[in-house]
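Notes follow once the structure below has been shown.
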Number of protein chains: 4
Amino acid sequence: MIKIIIVMNSQASEAEVKKVIDKLHEMGHEVHISRGEKRIILGVIGEVENLVSLPFYAFKGVEEIIPILKPYKLTSREFKDFDTVIKVKGVTIGGKEVVVMAGPCAVEEEKQILDIAHYIKALGVKVLRGGAFKPRSSPYSFQGLGEDGLKLLAEAGEEADLAVVTEVMSVNQIELVAKYADILQVGARNMQNFVLLKELGKLKKPVLLKRGMSATLEELLLAAEYILSQGNYEVILCERGIRTFENYTRNTLDLSAVPALKELSHLPVVVDPSHGTGRWKLVSPMAKAAIAAGADGLLIEVHPEPQNSFSDGAQTLRLETFAQLMKEMKPLIQAVGREFEMATPNELERVEH
Amino acid sequence: MIKIIIVMNSQASEAEVKKVIDKLHEMGHEVHISRGEKRIILGVIGEVENLVSLPFYAFKGVEEIIPILKPYKLTSREFKDFDTVIKVKGVTIGGKEVVVMAGPCAVEEEKQILDIAHYIKALGVKVLRGGAFKPRSSPYSFQGLGEDGLKLLAEAGEEADLAVVTEVMSVNQIELVAKYADILQVGARNMQNFVLLKELGKLKKPVLLKRGMSATLEELLLAAEYILSQGNYEVILCERGIRTFENYTRNTLDLSAVPALKELSHLPVVVDPSHGTGRWKLVSPMAKAAIAAGADGLLIEVHPEPQNSFSDGAQTLRLETFAQLMKEMKPLIQAVGREFEMATPNELERVEH
Amino acid sequence: MIKIIIVMNSQASEAEVKKVIDKLHEMGHEVHISRGEKRIILGVIGEVENLVSLPFYAFKGVEEIIPILKPYKLTSREFKDFDTVIKVKGVTIGGKEVVVMAGPCAVEEEKQILDIAHYIKALGVKVLRGGAFKPRSSPYSFQGLGEDGLKLLAEAGEEADLAVVTEVMSVNQIELVAKYADILQVGARNMQNFVLLKELGKLKKPVLLKRGMSATLEELLLAAEYILSQGNYEVILCERGIRTFENYTRNTLDLSAVPALKELSHLPVVVDPSHGTGRWKLVSPMAKAAIAAGADGLLIEVHPEPQNSFSDGAQTLRLETFAQLMKEMKPLIQAVGREFEMATPNELERVEH
Amino acid sequence: MIKIIIVMNSQASEAEVKKVIDKLHEMGHEVHISRGEKRIILGVIGEVENLVSLPFYAFKGVEEIIPILKPYKLTSREFKDFDTVIKVKGVTIGGKEVVVMAGPCAVEEEKQILDIAHYIKALGVKVLRGGAFKPRSSPYSFQGLGEDGLKLLAEAGEEADLAVVTEVMSVNQIELVAKYADILQVGARNMQNFVLLKELGKLKKPVLLKRGMSATLEELLLAAEYILSQGNYEVILCERGIRTFENYTRNTLDLSAVPALKELSHLPVVVDPSHGTGRWKLVSPMAKAAIAAGADGLLIEVHPEPQNSFSDGAQTLRLETFAQLMKEMKPLIQAVGREFEMATPNELERVEH
């Protein structure tokens, strides 16, 4: 299975584009369309020989025909050499701004999630995270509040004007989760749950795809490809640590994945230093390091009282520590040429007290 | 969440057992029942304090009350100190006999699967394996024949008098796969697909659970616990190699997992040297090593023409090589005090030619 | 073997300190002395019972007696809670300044090393690195110039006013290497060459100790302890990537090791993003990330023509790319509250052309 | 650096062989000579172009000229396609017999080592192991008895008529260790101590080379190549477990390394299930599995009272458990077509009581 992309120039008319697509369909090929500001890209699944032998250069508007050698196709920079920018509920992911997603490991009760939402909103956070369906190693651990949790999360997002991201664990939960969430998260343990990935590929909502504990970068990109190949191009890749022999940290956060993924793919890349380290003291330095490495965003677990949190307490930042991190990150973000907005000091003071 | 087991002696009457169970239900506890030849074991989920304070020793037939300290409960030897023996379609897994499961990576077409089935049956194989739904890293790789594959597999099993094992990848495939398969396999990538595990726990068919690529033994046993905790006690654990830095082999087959799992758990343990090594030349020596390490069975990929197989050709044995292995294994199996039956030399010759 | 530290207050006179030490020696204990600005710390090897039972608090100047629970003692923050600052040839390592060490993988010839030395000096580099004895996986690969390489390196350092760091591979090379080098490097493969570590512990020169490919943080600190326990307290820890299943990068650079080591130990921590990634395109982002994570310095491979370098070409920066990195790092270093000095733009321009 | 081998037929006279060698020396090439029963092999280091262009086929006795493509040369099966058999003090390693090496982790005192030696001799053990120089993670752990330990070990070997293997940790210990030991062991932590390997290559005693904790098979073979390239062809490879994420076992014993190494190289391969698992209960099953996988020998830690051993107690077999293992292994060894000799039951009984 080799893949070809046909690049059409920006002056190509809709009719010209349609002609090419019709020809491809007529030949029996599947076509993926990606419209950038400067050009339109058609991704074609099919044998290179058949495609190259046809006179596509003769079609008006066709600029270039390129075979994609990487095993992942739509996901690769070869397919699309400009960055994918995802817009969801007023938040822009993958652009110049660094997007911080924060919240508790699990949604626990109404006041908890609301308080957190208001607090972090003022610090510049744009997306509220919180688990309603929790994948836990043991069947006897807290498994999340389910739909009740989803409702509380969505309400808190609404109230504090934050987009909302939460995990979906199985195909039979997609509809329910999509009803409440703005971004659907696939957890590390499900990165190669291919049936789930394919179904999410049919959705019209962004997917945050976490790297599996023992997944190579190529496997992560192929997992993303499962989603893109079904027509959903809005995938956010997330580095959250890999499993190694080192046991001081819960996982080994592989920050080199950030520049590597940005080079191999056009998709936005965010980092989860909470799961990536498993120790709250390491979260802040690694959040900063992620930004310096070029991450488009962060996913951070916060809680008013980590010691009483239902899960993941050891890696969760207290709100005050998180506020400190946000303030320290601002100059760093500017030093690497990115943007980040917080409330004014006055507003900040009001919220924090 | 702590767990208690109540051991009842073999002379306890049904009525006596029922009394204890009713009391536990009345107190609001979930109860798991496991009947051995010599005693009956009740697994109770609940706080140790509450349970121990109650005068269960006063109930007739109660022999012992033991708290289980391991995070996995029903899966542990603490819960049940005699081996689980699974009987399915005349095959006994976990007993004295070494059970060999063999077949192609994927079901490809009718003649292929039938020929293989007859050939391996004569060599002493008891279970036919073959993928109909294939989890593949790339969305562009062959994904299996789906229901058509299931049908061909079931027919071949029927014809050659072999039980049949095949993979189920998602909750929405369970019903379909269970219609055709005698044993349902959970692949390494789905070992922590907890929604899938829970649903399989409600099934009345044995589950072959493969260890995840980066799963510890404890995590594997906790994954099994998800199935057992729903009432399905027929789980076969499968070591199939873990992911390490070594790249000569596809995975690193961790044979120490065999005696370790046998010590920690009462469940049968089989080994897959095909995925465990990724190289056909290593399959035979590692199959033998698995038996010497105490495995209850083997899962081996075979194909008449590995070079033309749709997937996994590099790790697949030709039928002749497999026959050679079966013959060499026989004395080895006897040397470790286990049993294995093959056709008579005459019959063998007939099949092989 | 448990260890005790005796903290003496800053007003304690030399005579008072001597009295305590004499008493400890009299009791048969080994004593390690560490003088900070505010207090003097005595590390005592011996049984806690014996030491605690003695009336050391009765000695004048004794402020506190603390048992060290960590397996590493002199290396731990429990032993010494202020940062170790190492001064060598006018360079300060472990202070406010970020120290960059750069140079070719191997010293190749006079002009090469001299040109590099002058070029990097202007960019703010303080230490020149370069291998004379090269540990190579294959006996048929270039093994370094030996003493000739050491001489060229020392001359280049002298000429460009840079301190010099180079690897020592064996006890029988120590004397020779120490004659030319300001800092002696222990490579990853020798991190647990305990005989070498002990001998380096008797030296009066700083040692740069690289983390072994599969060494935990605890093992790295215990390796450092081998050096400190012999009396040489000037050890620089170096994170250079660990071996994992990921093969896109040569190693997985574990940046969480930086804040973790800084918390567990008082020793300076530097990062080698060249070996840590094995790909030159990832060196710059990971160098920046290391700084943001709190590293005290960097170790970077540079070469005028990486494609013609005798070894490690793929991970080596061209001089222009390195200059670009240094310029980009400056604002980042300031954003995290550290210092870094480069030549004036005028001088820079002169050197670069 | 490419390598050529020149195969000379068995009828070639010494004079004919000398002529070829002289020509190669004259051309400036280094030559390695390996004499098998059927043919003589000359390993030549040099450029393929130069060597192939010369009319070596014109020399009498030259049968074939083959370039070696693998990075390891003398170590590879391409260089020598028959097994290396090492004879030392009446013991044959790499032949049909399975050679068991056993003894305490560390030599502790005279009676200990003597008692063990006599006991294991009767069980069929051929080589006595015991550490005198111990590589320990912590400088505060027991470091071995040094020369005193070597003496006790050599005496016990003499008394019980066992060959003796012990570890050498550094170049400056080689002379001393070689004085007492029949086989010199290189520990996992020193597998890439290249200076040590080169010096051992000049010795006339067999070297037992343990695989490094994170060494690939290729790196192990290249480490062996360092020894062979200096003229010492008597290297025994040892699989002793690699470091992975799994922490139930101390290491993950990679038994697939046994058939893989036997295929890639002509050197004997032994397995150390004691370090390979770190748990005594797993030692016996993994010892058996190693034999089934094709190992030429075993290295096992035994002690009369593991709970009182100075080191590695958790992975050490009591003598009775070891005796049980030896008895169980015998039929297994025969089942795989290898040989193993024990004392007669009568003698055995005498020793055990």
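Could you tell me which of the pairs C:198/D:151; C:19/D:134; B:73/D:327 are separated by over 26 angstrom between their Cα atoms in the structure shown? Please report the intermediate quantities before stating the final value.
Numbers: C:198/D:151 24 Å; C:19/D:134 36 Å; B:73/D:327 36 Å.
Pairs exceeding 26 Å: C:19/D:134; B:73/D:327.
Work out how far the C-alpha atoms of the protein assembly as shown reach from end to end along every principal axis, then list the three figures in whole Å, largest first.
Principal axes ranked by extent give 87, 84, 72 Å for the Cα atoms.
Placing a label point 7 Å from Cα toward Cβ, how far apart in nm is residue C:92 from its equivalents in the other copies, listed shortest first to one decimal?
Inter-copy label distances (nm, one decimal, shortest first): 4.3, 7.1, 7.9.
How many nanometers, to one decimal and shortest first, lie between the label point of residue A:159 and those of its other copies, if labels sit 7 Å from Cα toward Cβ?
Output for residue A:159: 6.5, 7.0, 8.0 nm, nearest copy listed first.
Give me the aspartates and glutamates in straight-line cross-link reach of residue D:205: C-alpha distance below 19 Å, same-chain residues under 8 apart excluded.
D:83, D:147, D:155, D:158, D:161, D:167, D:175, D:182, D:225, D:234, D:296
Taking only Cα atoms and a 10 Å spring cutoff, compute GNM fluctuations for chain B and point out the largest among B:130, B:149, B:46.
For chain B, modelled as a Gaussian network with Cα springs under 10 Å, the answer is B:46.
Can you give the local net charge around residue B:306? Use residues other than it whose beta-carbon is closer than 10 angstrom to its beta-carbon, Lys and Arg +1, Asp and Glu -1.
Working: positive: B:318; negative: B:301, B:305, B:312.
My count for the surroundings of residue B:306 gives -2.
Residue A:11 to residue A:25: extension gain in nm, 0.36 nm per residue of separation minus the Cα-Cα distance? Before the final figure, lay out the partial values.
Numbers: separation 14, 0.36 × 14 = 5.04 nm, distance 2.25 nm.
Extra length from residue A:11 to residue A:25 when fully extended: 2.8 nm.
Based on the Cβ-Cβ distance of residue C:305 and residue D:77, what FRET efficiency does E = 1/(1 + (r/R0)^6) give at R0 = 45 Å, to the nearest 0.05? Mind showing how you got there, number by number?
Numbers: r = 38 Å, r/R0 = 0.85.
With a Förster radius of 45 Å, E is 0.75.
Percent relative contact order of chain B, based on C-alpha pairs within less than 8 angstrom and at least six residues apart?
Details: 734 pairs, mean separation 56.1, N = 353.
Once normalised by length, the contact order is 16 percent.
Work out the mean other chain Cβ neighbour count within 10 Å for the residues of A:327-338 and drop it here as an integer. Mind dumping the intermediate values first?
Values: counts 0, 3, 2, 1, 6, 8, 1, 3, 11, 7, 2, 0.
If you average over the peptide's residues, the count of other-chain Cβ atoms is 4.
Which of the trypsin sites (Lys or Arg not before Pro) found in the stretch A:174-272 are in a DSSP loop and have at most 11 neighbouring Cβ atoms, other than their own, within 10 Å?
Working: sites: A:179, A:189, A:198, A:202, A:204, A:210, A:211, A:240, A:243, A:250, A:262; in loops: A:202, A:204, A:211, A:240, A:243, A:250.
Hits after loop and neighbour filter: A:202, A:204.
Tell me the angle of helix A:14-26 to the major Cα principal axis of chain A, expressed in degrees between 0 and 90 and rounded to the nearest ten.
That helix lies at roughly 80 degrees to the long axis.
Relative contact order (percent) for the stretch C:100-181, with alpha-carbon contacts under 8 angstrom and 6 or more residues of separation? Could the numbers behind the result be given before it?
Values: 134 pairs, mean separation 26.4, N = 82.
About 32 percent, as a whole number.
I'd like the orientation of helix D:217-228 relative to chain D: the angle between its Cα long axis and the longest Cα principal axis, in ° from 0 to 90, rounded to 10.
Helix D:217-228 sits roughly 70 degrees off the main axis of chain D.
Calculated from DSSP H runs of 4 or more alone, at -39500 (n - 2.57) each and per residue, what is the 222 nm mean residue ellipticity of chain D, nearest 500? Could you put the intermediate results ahead of the total?
Working: 12 runs with 124 residues, N = 353.
The helix contribution divided over chain D gives -10500 deg cm²/dmol.
Which net charge results when you count Lys and Arg as +1 and Asp and Glu as -1 among the other residues whose beta-carbon is under 10 Å from that of residue C:338? Please list the in-between numbers first.
Numbers: positive: C:96; negative: C:97, C:296, C:339.
Here the count lands on -2.
Can you pull the one-decimal nm distance between simple spin-label points at residue A:179 and residue D:176, each 7 Å off the Cα toward Cβ?
Calculated label separation equals 7.7 nm.
Calculate the length of the line joining the C-alpha centroid of the stretch D:86-130 to that of the stretch A:287-304, in whole Å.
So the separation of the two Cα centres works out to 57 Å.
Below 10 angstrom from the Cβ of residue D:170, what's the summed charge of the other residues (Lys, Arg +1; Asp, Glu -1)?
Net charge around residue D:170: -1.
Measuring nothing but label to label, 7 Å from Cα along Cα→Cβ, what are residue A:320's distances to the other copies in nm, shortest first?
Label-point distances to the other copies, shortest first: 5.2, 6.1, 7.7 nm.
Just to be sure I understand the curve: with the Debye formula and one point per C-alpha of the stretch C:216-353, what is log10 I(q)/I(0) at q = 0.11, 0.20 Å⁻¹?
-0.46, -1.21
Which residue of chain B is nearest the rotation axis onto chain A, counting by its Cβ, and what is the distance in whole Å?
Minimum Cβ distance to the axis, with residue: B:214, 2.
Only counting other Cβ atoms within 10 Å, I'd like C:118, D:32, D:25, C:275 sorted with the fewest neighbours first.
Working: C:118 14, D:32 20, D:25 11, C:275 25.
So the residues, fewest neighbours to most, are D:25, C:118, D:32, C:275.
Using a 10 Å cut-off around each Cβ of peptide A:212-219, what is the average number of partner chain Cβ atoms that fall inside? Write out the running numbers ahead of the final one.
Working: counts 5, 7, 12, 7, 7, 4, 5, 4.
Going residue by residue through A:212-219 and averaging, the value is 6.
When a footprinting reagent is the concern and you count Cβ atoms within 10 Å, what order do C:340, B:322, C:82, D:59 take, fewest first?
On the way: C:340 19, B:322 26, C:82 13, D:59 16.
By the 10 Å Cβ count, ascending, the order reads C:82, D:59, C:340, B:322.
Sort A:246, C:159 so the one with the fewest other Cβ atoms within 10 Å of its own Cβ comes first.
Numbers: A:246 24, C:159 14.
In order of increasing Cβ crowding within 10 Å: C:159, A:246.
With +1 on each Lys and Arg Cβ and -1 on each Asp and Glu Cβ, how big is the dipole of the stretch A:3-68 about its Cα centre, in debye rounded to the nearest 20?
Working: 8 positive and 10 negative charges, 39 e Å.
Its charge dipole is roughly 180 debye.
Using Cα-Cα distances under 8 Å and only pairs 6 or more residues apart, what relative contact order does the stretch A:3-68 have, in percent? Show your work: numbers first, answer last.
Values: 105 pairs, mean separation 34.6, N = 66.
Once divided by the residue count of the stretch A:3-68, the mean separation gives 52 percent.
We did not get these values from a lab; they are worked out from the coordinates using the rules stated. Keep in mind that what you see is a predicted model, and the values were worked out from it rather than measured. Every residue, glycine as well, gets a Cβ built from its backbone with ideal geometry; the counts of neighbours run over all protein chains shown.
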